[in-house]
1. Report, by residue number, each residue of segment 10-25 that is assigned to a loop (DSSP other than H, G, I, E, B) and modelled with pLDDT under 80.
2. Given the criteria loosely packed, with under 11 Cβ neighbours inside 10 Å, without any contact (Cβ under 8 Å) to a residue 60 or more places away in the chain and closer than 21 Å to S29 by Cα, does G57 qualify?
3. Can you tell me which residues in segment 50-90 are assigned to a helix (DSSP H, G or I), modelled with pLDDT of 85 or more and either among the polar types (S, T, N, Q) or more than 16 Å from Y2 (Cα to Cα) (or both)?
4. Name every residue in segment 91-106 that is assigned to a loop (DSSP other than H, G, I, E, B) and open to solvent by less than 30 Å² (accessible area, probe 1.4 Å), in order of residue number.
5. Consider Y47 against the criteria (1) of a type in the set (S, T, Y); (2) in contact (Cβ under 8 Å) with a residue 24 or more places away in the chain; (3) part of a loop (DSSP other than H, G, I, E, B): it satisfies all of them except one. Which criterion is unmet?
Amino acid sequence: MYFDGARCKHGYGARFVFKYPKGHIKRFSFRFTWICINNVAEYESIYLGLSKVISMGIRCLIVHGDPKLVIKQVRSHISARHHYLKTYRNRVFDLLESFLAINFISIPRRYN
């Protein structure tokens, strides 16, 4: 799964892409109706993506994303200081319990 949250002149949104082992690709995107900071958009993106994966019955996953801060917080390498980010990180942690195996990989934006 590849994820990305974004803030642009048209508003805020999230997208995630599933790439299956055989090469099939599914894309999803969402527009937010609220104003948020960029890292909240990133967390919303990863949360929506993981929720979708769980609903599809997938229990082993590799997650790629370019927001190093979010990846490091989800891996527990650094803590979240802002209360909004703590809330989102905890929501993601709750979803992680549904997986047998999951790996988070930080990649450069140009590859996401």
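1. Answer for segment 10-25, where residues must be assigned to a loop (DSSP other than H, G, I, E, B) and modelled with pLDDT under 80: just H10.
2. yes
3. S51, S55, T87, N90
4. Narrowing segment 91-106 to residues assigned to a loop (DSSP other than H, G, I, E, B): 97-100.
Scanning segment 91-106 gives a single hit, F99.
5. Unmet for Y47, out of (1) of a type in the set (S, T, Y); (2) in contact (Cβ under 8 Å) with a residue 24 or more places away in the chain; (3) part of a loop (DSSP other than H, G, I, E, B): (3).
The values are calculated or read from the model by the stated rules, or taken from the named source; none is laboratory data. Please read all numbers here as calculations on a predicted model, not as lab measurements. Here Cβ is always computed from backbone atoms with ideal geometry, including for glycine, and neighbour counts include all displayed protein chains. Heavy atoms of the whole protein, side chains included, go into the accessibility calculation; ligands, DNA and RNA do not. Shrake-Rupley method; radii C 1.70, N 1.55, O 1.52, S 1.80 Å.
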